[in-house]
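The values are calculated or read from the model by the stated rules, or taken from the named source; none is laboratory data. Keep in mind the model is a prediction, meaning the values are calculated, not measured. Methodologically, a virtual Cβ is constructed for each residue, glycine included, from the backbone with ideal geometry; neighbour enumeration extends over all protein chains shown.
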């Protein structure tokens with residue numbers, strides 16, 4: 001079972017904060033850190049633990065990281081039932097916004113990464129991604 005580990009200066013609201021209100025704050029943190037895992041309802045950044053993609057297909061793919069792109073990704077993530085999202089910079093100069101699950105256990109992130117078909121899991125403590133090699137035997 002995933003256990004979210006979150007820290008931030010945001011207060012915990014009774015109702016979800018509007019994506020357009022959260023987007024500028026999240027976009028600023030993403031552009032500064034070039035790495036982010038965040039709660040889609042509160043905007044709190046995940047600062048420790050591991051995260052893995054629930055699906056290899058991004059919720060949203062953007063050319064830039066700005067308030068407008070983050071707002072769209074938040075809205076789509078909420079619509080799809082995401083709790084956490086991560087931004088992943090691609091080699092083709094795009095940024096993928098992925099629906100992720102947060103856990104304390106590295107092994108859980110690795111196992112789930114194999115199962116999802118996505119090749120990367122996120123380490124929130126070091127703010128790095130780790131590629132998992134999928135080895136398939138021929139014949």
Checking the condition in contact (Cβ under 8 Å) with a residue 40 or more places away in the chain and within 23 Å of residue 125 (Cα to Cα), which residue from 71, 48 passes? 48
Pick from 125, 42: which is within 25 Å of residue 28 (Cβ to Cβ) and free of Cβ contacts under 8 Å to residues at least 40 places away in the same chain? 42
Members of the stretch 122-133 found to be surrounded by 15 or more Cβ atoms within 10 Å (Cβ to Cβ) and more than 17 Å from residue 33 (Cα to Cα), listed by number: 132
Search result, residues across the stretch 57-69 that are in a loop (DSSP other than H, G, I, E, B) and touching a strand residue (DSSP E or B) at 6+ places or on another chain (Cβ under 6 Å): 58, 59, 65
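If you scan the stretch 90-105, which residues turn out to be within 17 Å of residue 68 (Cα to Cα) and surrounded by 14 or more Cβ atoms within 10 Å (Cβ to Cβ)? Spell out how you get there, then give the answer.
Kept after step one, since they are within 17 Å of residue 68 (Cα to Cα), are these residues of the stretch 90-105: 94-98.
Correct list: 95, 96, 97, 98.
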Looking at the stretch 124-139 only, could you name the residues that are part of a strand (DSSP E or B) and at pLDDT 90 or above? none
If I filter the stretch 61-68 for residues that are surrounded by fewer than 19 Cβ atoms within 10 Å (Cβ to Cβ), modelled with pLDDT of 90 or more, under 18 Å from residue 120 (Cα atoms) and over 11 Å from the mean Cα position of the chain (by Cα), do I get at least one hit? yes
If I filter the stretch 11-56 down to residues being more than 20 Å from residue 69 (Cα to Cα) and out of contact with any strand residue (DSSP E or B) (no Cβ under 9 Å at 6 or more places or on another chain), which single residue comes out as modelled with the highest pLDDT? 15
